[in-house]
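The structure under discussion appears below in the form of structure tokens.
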Amino acid sequence: MVSEPATASGIVSESTSMPLPEHVLIAGCGYLGRRAADRWRRGGVRVSVLTRGHSKAQTLQQAGFEPLTGDLATGLLPPLPPVDTVLWSVGFD
């Protein structure tokens, strides 16, 4: 039996029949978070992203995401939208 090769885009393949959420929030839009955000956006999902920097928020908005600027470490956060799914993708720094 030959298995399908793993892909760098993740474990879930495009053929997975799980329903997509309507709206997701990604906390931490670095290496992993950005790739998940791109994939969800391509699937038609509304994607809000939480980032610390205003310049990164502008870049994310230009890419089609709904940026929120805040700092999880200090607890200074904007009002968060109601979402179906949260991806916690915050790295150590």
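Before moving on, here are some points about what is shown:
- Database remark: amide H of Leu50 closer than 5 angstrom to the amide H of Ile26, Ala27, Gly28, Leu68 (H placed geometrically; neighbours at sequence offset of 5 or more, or on other chains; Pro and chain starts carry no H).
- Computed E for Thr85/His54 - FRET, C-beta separation, R0 25 angstrom, nearest 0.05: 0.50
- Remark: accessible surface ordering of Ser48, Ser89, Ser55 (largest first) is Ser55, Ser89, Ser48, probe radius 1.4 Å.
The values are calculated or read from the model by the stated rules, or taken from the named source; none is laboratory data. Keep in mind that what you see is a predicted model, and the values were worked out from it rather than measured. Neighbour counts are summed over all protein chains in view; Cβ atoms, including those assigned to glycine, are modelled from backbone coordinates with ideal geometry. Accessible surface areas use protein heavy atoms only, side chains included; no ligands, DNA or RNA. Shrake-Rupley method; radii C 1.70, N 1.55, O 1.52, S 1.80 Å.
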